[in-house]
Amino acid sequence: MAKVIAIINEKGGTGKSTTATTLGYLLAKQNKKTLVIDFDGQGNASTICGIANTNQVEITIADLLGHVILEKELPDPTEYIYHNENGVDLIPANSELFTLERNLCNVNFREKKLLEIVNPLKELYDYIIIDCMPQIGTPMMNVMMCADSIIIPTQAELLSMQGLSEVLKHYQIIKENGNPKLTIEGILVTMDSRNTMLSALVNEMLNDKFGNNIRVFKTRIPRSIKVAEACMYQQTICEYLPDNPAAIAYENFAKELINIGS
Ligand SMILES: Nc1ncnc2c1ncn2[C@@H]1O[C@H](COP(=O)(O)OP(=O)(O)OP(=O)(O)O)[C@@H](O)[C@H]1O
Ligand SMILES: [Mg+2]
């Protein structure tokens, strides 16, 4: 049965989509059957996973949720799962997902709709990675209800770190009231500018504030313009430039993550 890992932070631009797609690729490279679910209307994970125009996709995660909300039978996974040539499977998203909060508002058990899509897929995969939208609301509750664990990427700066407390508050609510098995894999520092005062300060603050309860991954992902450049070629940095320091850091992060689980 797949382990479901959500990449979550209510703050925008903290490296969620980059981390979700790169981790997905690295797991697939290790012959783990891996599905990435794009759960953000921006469709960034879909783009990195090879979908040139997300608005031309026939069945997105929003369509599947529409089926669940209307209690219609879900299509067969062969009809909606996109196979990237790099080995990663994907359920894409596009701007249709932006209305999800509204579509769910009068639905019974509205926090459990994504669960109905993810549960049957678990027997097909080793890992299901969910790339989340940068906001906390009913859609995010859905993610936390069906995840086994979460990874919280944060940029190495103060304002980014302030968003962490909000994520942790919602994590506690879901863990106590709906999904007791949910755990936090850790906080991943992204876009780190090594050897700067800011980087050292952020590291110290993270460890002081959260270090006693939550793992702060030892691996930090350095800032590199090549990460953004890789997106232009619809690739992760690990495919585009495997020797780039950010690619090497992501490899180390994936090892650190898998070692925690074993
Ligand atoms: N290590 C890095 N070095 C430099 N740029 C990076 C790095 N990681 C991510 N980026 C770039 O920063 C931007 C934001 O990253 P990303 O899209 O992964 O964040 P996000 O948290 O998913 O954003 P959103 O909240 O909007 O979904 C992107 O342009 C991405 O290419
Ligand atoms: Mg994103």
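Within 12 Å, Cβ to Cβ, of ILE260, how many net charges do the neighbouring residues add up to if Lys/Arg are +1 and Asp/Glu are -1? Each step should come with its number before you reach the end.
Values: positive: LYS3, ARG215, LYS218, LYS255; negative: GLU185, GLU256.
So the environment of ILE260 carries a net charge of +2.
All other residues whose Cβ lies under 14 angstrom from that of GLU166 are scored, Lys and Arg at +1 and Asp and Glu at -1, for a net of +2.
Per the helix-only calculation at 222 nm, which mean residue ellipticity applies to the chain, given -39500 (n - 2.57) for every DSSP H run of n ≥ 4 and division by its residues, nearest 500 deg cm²/dmol? Let's see the in-between values first.
On the way: 12 runs with 118 residues, N = 262.
Value at 222 nm, helices only: -13000 deg cm²/dmol.
For the pair the stretch 65-95 / the stretch 137-194, the C-alpha centres are spaced 24 Å from each other.
Longest stretch of the chain clear of exposed loop sites (GluC sites (Glu not before Pro), DSSP loop, at most 14 other Cβ atoms within 10 Å, sites excluded): 86-262. Of the trypsin sites (Lys or Arg not before Pro) in the stretch 72-144, the ones in a loop by DSSP (not H, G, I, E or B) with at most 16 other beta carbons within 10 Å are LYS72. PRE reach from HIS170 (point 7 Å along Cα→Cβ): which of the stretch 15-36 fall under 19 Å by backbone N? Zone members listed by number: 15-21. Fully extending the segment from ASN119 to ASN31, taken as 0.36 nm per residue of separation minus the present Cα-Cα distance, adds 29.5 nm. For the stretch 3-261, the relative contact order works out to 26 percent when only alpha carbon pairs closer than 8 Å and six or more residues apart are counted. Summing charges over neighbours of ARG215, with a neighbour being any other residue whose Cβ is under 11 Å away from its Cβ, gives -1 when K and R count +1 and D and E count -1.
Given R0 = 51 Å, the distance between the Cβ atoms of HIS83 and VAL107 translates into a calculated FRET efficiency of 0.95.
Considering only alpha-carbon pairs that sit under 8 angstrom and 6 or more positions apart, the relative contact order computed for the stretch 1-92 is 32 percent.
Order the following by accessible area, largest value first: LYS218, LYS181, LYS175, LYS16. Probe radius 1.4 Å; ligands, DNA and RNA are ignored.
LYS218, LYS181, LYS175, LYS16
Which of the chymotrypsin sites (Phe, Trp or Tyr not before Pro) found in the stretch 91-177 are loop residues per DSSP with 14 or fewer other Cβ atoms within 10 Å of their Cβ?
On the way: sites: PHE98, PHE109, TYR125, TYR127, TYR171; in loops: PHE109, TYR125.
Taking the stretch 91-177 and a limit of 14 other Cβ atoms within 10 Å, the loop chymotrypsin sites (Phe, Trp or Tyr not before Pro) found are PHE109.
Residues in the stretch 175-181 carry Karplus couplings, in order, of 5, 7, 10, x, 9, x, 7 Hz; the curve used is 6.51 cos²θ - 1.76 cosθ + 1.60 with θ = phi - 60°, and Gly or Pro positions show x.
The values are calculated or read from the model by the stated rules, or taken from the named source; none is laboratory data. What you are looking at is a predicted structure, and each value in this text was computed from that prediction instead of being measured. Note: ideal-geometry Cβ built from the backbone for every residue, glycine included; neighbour counts use all protein chains shown. Heads up: the accessible areas ignore ligands, DNA and RNA and are worked out on the full protein's heavy atoms, side chains in. Shrake-Rupley method; radii C 1.70, N 1.55, O 1.52, S 1.80 Å.
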